[in-house]
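This report refers to the structure that appears directly beneath it.
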Amino acid sequence: MDKQGNLYTFLYASVMVIVVAAILAFVSVSLDDVQKKNVEVAKKIDLLKSVGINSDAKTAEKLYDERIGNNTKVINMNGEEVEGEAFKIDLTKENRKPAEDRKYPLYICTLDNGDEKLIIPLRGVGLWGPIWGYISLNEDKETIFGATFDHKGETPGLGAEISQDFFEEEFKGKTIFDESGSFTSIKVVKGGLAAGNDHAVDAVTGGTITSNGVQDMLWNGLSGYKEYLKN
Amino acid sequence: MSNKEPLFSAKNRKLITNPLSVQNPITIQVLGICSALAVTAKLEPAIVMSISVIFVLVFANVIISLMRNTIPARIRIIVQLVIVAALVILVDQILKAFAYEVSKQLSVFVGLIITNCIIMGRLEAFALGNKPWQSALDGVGNGAGYGIILVIVAFFRELFGSGTLTLPGLGTLHVIPQIFYDWGYANNGFMILPPMALITVGIIIWVQRSRNKDLVES
């Protein structure tokens, strides 16, 4: 057959595309379970990290079952418990709904000394893409016990610093309600203004937009839990 | 006949060594600059990116070389693109399944291997006209030539920009002692930003050409 002819060219392209598509589809389907598992494990590692439990891909499953397991809740913005499985809720989808229709997942983690910490998942936007995090609260439902943040692709060395320990440490002991009981969230402020302020932390140098993203994420995410936490 | 040629004849060795120096894809041919800017703020992503590019380049070269006598000339670029894209998706899927942490760090850059000019450049310039073994060597050489520059740039950017070195499996090493900071040393945040990658590549090109005058264009 003429290798430069139209028929050969068409046949060649068609066969190639079908073969390549078949290979990729096969790989994608056969690796799907492993990949989903990785995402789940990464989420469990983050959840545990927000209460100060360090785990890795090998230990996360076991620790999660021990500490959190089925001790989860789904609430609405009035603070009432509703149907649903907390771990399966996709916050990105929930955030697109109007606030009153959203489902708010809540995890309760039991520590070694018997203390129970509430873990609230958060999701927002940074400079280049999504950012997310987990905030854990003490039994008083207002003091932050721990926090962990991560991001998809913030600038390394600048916005990406939100996932570093020094930034996460700042949140410990801060409160999200003021003395009169109204919701303040946590502000992420510049220029050392956070010193002595119970409702603010120091922003990341050179990461203004990511820092603002964290602040918005905290405000939007936590305000849905206001009613529940006040009770 | 080339069939009797030893696997690592002088000519074949040159296929690997030339791209590391006098035929370097980044500093001499100035290809693949885009990703050299994007993934070199830290050492670890640069290393993983280099390995991924070597993998894709070697396999793409070999596959195209095996197919070279059957590919219709009019759609050869499309054929190359399909092969490269398929390999990149494979790498991405495998990283997501078996090296999840690393794939999170590289995120979109794995996908961007498709647009790496070096890969299409080598397929078009070498694999279409050479045997699979030579093409594989050419892939290793050019991938490594790209990787070396990436690692050098990332080393200096991370060292001066963050004061750390991040190696796969070892985590982040703080190589600049605290006492330097106490004396007033500060990390240069500018090193983290893309322009400094360009300037670092420029310095490497300058050093290389001043050491080897043959490379200087008249």
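The values are calculated or read from the model by the stated rules, or taken from the named source; none is laboratory data. This structure is a prediction, so every number in the text was calculated from the model and none was measured. Quick reminder, even Gly has a Cβ in these numbers, built from the backbone with ideal geometry, and neighbours come from all protein chains shown.
B:Gly189 - would you say it is more than 15 Å from B:Ser35 (Cα to Cα) and of a type in the set (Gly, Ala, Ser)?
yes
Return the only residue of B:Gly141, B:Gly129 being under 13 Å from the mean Cα position of the chain (by Cα) and farther than 17 Å from B:Cys34 by Cα.
It is B:Gly141.
I'm trying to understand the selection: among the residues of segment A:97-121, which are surrounded by fewer than 23 Cβ atoms within 10 Å (Cβ to Cβ) and either within 17 Å of A:Asn231 (Cα to Cα) or in contact with a helix residue (DSSP H, G or I) (Cβ under 7 Å, 6 or more places away or on another chain) (or both)?
Hits for segment A:97-121 are A:Arg102, A:Lys103, A:Pro105, A:Leu106, A:Ile108, A:Thr110, A:Glu116, A:Lys117, A:Leu118, A:Pro121.
Is it the case, given these coordinates, that B:Val140 is assigned to a helix (DSSP H, G or I), under 30 Å from B:Ile63 (Cα atoms) and either touching a residue at least 24 places away in the same chain (Cβ under 8 Å) or within 14 Å of chain A (Cβ to nearest Cβ) (or both)?
yes
Out of all the residues in segment B:11-42, which are among the small types (Gly, Ala, Ser) and farther than 15 Å from B:Ile118 by Cβ?
B:Ser21, B:Ala41
For segment B:95-116, name all the residues that are of a type in the set (A, V, I, L, M, F, W, C) and either more than 7 Å from chain A (Cβ to nearest Cβ) or in contact with a Phe, Trp or Tyr (Cβ under 6 Å, 6 or more places away or on another chain) (or both).
Once the filter is applied, which keeps residues that are of a type in the set (A, V, I, L, M, F, W, C) and either more than 7 Å from chain A (Cβ to nearest Cβ) or in contact with a Phe, Trp or Tyr (Cβ under 6 Å, 6 or more places away or on another chain) (or both), segment B:95-116 yields B:Leu95, B:Phe98, B:Ala99, B:Val102, B:Leu106, B:Phe109, B:Val110, B:Leu112, B:Ile113, B:Ile114.
Mind listing whichever residues of segment A:116-170 are within 13 Å of chain B (Cβ to nearest Cβ), closer than 30 Å to A:Gly181 by Cα and in contact with a Leu (Cβ under 8 Å, 6 or more places away or on another chain)?
Across segment A:116-170, the qualifying residue is only A:Trp132.
Taking the condition of being farther than 17 Å from A:Leu118 by Cα, assigned to a helix (DSSP H, G or I) and either within 19 Å of the chain's Cα centre (by Cα) or not basic (Lys, Arg) (or both), how many residues in segment A:39-90 meet it?
7
Restricting segment A:165-181 to residues that are at pLDDT 85 or above, surrounded by fewer than 18 Cβ atoms within 10 Å (Cβ to Cβ) and not acidic (Asp, Glu), which is nearest to A:Gly206 (Cα to Cα)?
A:Phe166
Among residues belonging to segment B:154-172 that are surrounded by 11 or more Cβ atoms within 10 Å (Cβ to Cβ) and more than 21 Å from the chain's Cα centre (by Cα), point out the one that is farthest from B:Ile33 (Cα to Cα).
The residue in question is B:Thr172.
Could you give every pair whose Cβ atoms fall below 6 Å, whose first residue belongs to segment B:203-214 and is over 16 Å from B:Val30 (Cβ atoms), and whose second residue is outside any helix (DSSP H, G or I), counting only separations of at least 6 or pairs across chains?
Once the first residue is over 16 Å from B:Val30 (Cβ atoms) and sits in segment B:203-214, no partner that is outside any helix (DSSP H, G or I) comes close enough.
Report yes if some residue within segment B:19-33 is in a helix (DSSP H, G or I), buried (at least 22 other Cβ atoms within 10 Å of the Cβ) and aliphatic (A, V, I, L, M); otherwise report no.
No; the residues of segment B:19-33 include none that is in a helix (DSSP H, G or I), buried (at least 22 other Cβ atoms within 10 Å of the Cβ) and aliphatic (A, V, I, L, M).
Could you please find all residues in segment A:172-231 being of a type outside the set (Lys, Arg) and in a strand (DSSP E or B)?
A:Thr175, A:Phe177, A:Phe183, A:Val188, A:Val189, A:Ala200, A:Val201, A:Asp202 - these are the residues of segment A:172-231 that are of a type outside the set (Lys, Arg) and in a strand (DSSP E or B).
Considering only residues that are in contact (Cβ under 8 Å) with a residue 40 or more places away in the chain and among the hydroxyl-bearing types (Ser, Thr, Tyr), which ones fall in segment A:1-54?
A:Ser50
Which one is farthest from the other protein chains (Cβ to nearest Cβ), of the residues in segment B:43-77 that are closer than 15 Å to B:Asp92 by Cβ and surrounded by fewer than 20 Cβ atoms within 10 Å (Cβ to Cβ)?
B:Ile51
So how many residues does segment B:181-218 have that are under 20 Å from A:Thr205 (Cα atoms), surrounded by 12 or more Cβ atoms within 10 Å (Cβ to Cβ) and hydrophobic (A, V, I, L, M, F, W, C)?
Qualifying residue count for the region: 5.
Taking the condition of being over 25 Å from B:Ile26 (Cα atoms) and either modelled with pLDDT of 80 or more or of a type in the set (A, V, I, L, M, F, W, C) (or both), how many residues in segment B:95-118 meet it?
Here the count works out to 6.
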